[in-house]
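Reading through the structure tokens given below for one structure.
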Amino acid sequence: MKPVIVRNLHGQVVQELGRQIVGGEIAPGANLPREELLAERMKVSRTALREAMKVLSAKGLIESRQKTGTRVRDTIHWNQLDADVLAWRCASMPTEDFVEKLVEMREVIEPAAAAAAARRRDAGQLARIETAYAAMAAATDLEAWSTADLAFHEAVLRATNNELMTSLFSVIETALGGYFQLSASIAGNFSYSLPHHRKVLDAIRRRQPEVARQTMQKMIADSRSNIRRNTRKA
């Protein structure tokens, strides 16, 4: 799920405050200014501000109490899979902690998805994986590569024929897209991982679940090593 394009004042407040909170400019436990001061600072009406506060509260970022006012909640209470929260976290990438958590998430989800895709994929789903792979092979710049890379992993998840897995991708799409772009951008050659993708594709085509699982695990491990190695160089 991608974050909604902002077209109103309270939405702009949500985006600005959300980025500040998730990006660490406003720390957990900190109190926000009083309503009238914050509305004046952000040049919006108090009504628009209140609507924004409701949205941020629903995302778990803030809480309001009658005597103490509005404060930022600890990160454990944040809705980490909310599309906006993920987008705000990705906007502050790369942070070593967040990248490592994305890798762990991939390790849990994607090897199992590759194995399931090898067992259950139909001809049309295989064709979509092949199309995404071909776009990766043909990519001449980072943007084209990252778009095709994300499409490849989405096609693999859809080929599981597991609607829960497919729905999960729509939630984590923003984070995965940011991760793939980061991994490719800091490598000497953005298409360095193409052979791994080819091996995953071949295993799914040949209906080899365990090979697909192991190959996807190796791809993720290689990506983690690439990020760690190049981050240390930087």
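Details
- Partner aspartates and glutamates for LYS67 [C-alpha distance under 19 Å; skip if fewer than 8 residues away on the same chain]: GLU35, GLU36
- Relative contact order (%) - the stretch 93-233, alpha-carbon pairs under 8 angstrom, separation at least six: 35
- Highest to lowest packing among 37-47, 200-210, 147-157, scored as the average C-beta count within 10 Å: 147-157, 200-210, 37-47
- Here the 3J(HN,Hα) profile of the stretch 24-31, calculated from phi with Karplus coefficients 6.51, -1.76 and 1.60 at θ = phi - 60°, is x, 5, 10, 7, x, x, 6, 8 Hz, Gly and Pro shown as x.
- Here the gap between ARG65 and SER92, fully extended at 0.36 nm per residue and compared with their Cα-Cα distance, gives a gain of 6.8 nm.
- Full-extension gain in nm, GLU36 to ARG198, via 0.36 nm per residue minus C-alpha separation: 52.6 nm
- Under the convention that each Lys and Arg Cβ holds +1 and each Asp and Glu Cβ holds -1, the size of the dipole of the chain around its Cα centre is about 220 debye.
- Centre-to-centre, using Cα atoms only, the stretch 154-216 and the stretch 27-53 are separated by 41 Å.
- Positive-end residue of LEU38, VAL13, MET219, charge dipole of the chain with Cβ unit charges: MET219
- 0 to 90° range, to nearest 10: angle between helix 209-233 axis and the chain longest Cα axis: 60
- On Cα atoms only, tilt of 163-185 relative to the major axis of the chain in degrees: 90
- Taken about its Cα centre, the stretch 9-77 carries a charge dipole of roughly 160 debye when the Cβ of each Lys and Arg holds +1 and the Cβ of each Asp and Glu holds -1.
- Debye intensity ratio in log₁₀ form over the Cα atoms of the chain, taken at each q of 0.10, 0.11, 0.13, 0.14 Å⁻¹: -0.55, -0.64, -0.82, -0.90
- Using alpha-carbon coordinates, inclination of helix 9-22 to the longest axis of the chain, degrees: 70
Bear in mind that the values in this text are calculations on the coordinates, not laboratory data. This one's a predicted model, so the numbers in the text were calculated from it and none came from an experiment. Glycine also receives a Cβ, built like all others from the backbone with ideal geometry; neighbour counts cover every protein chain displayed.
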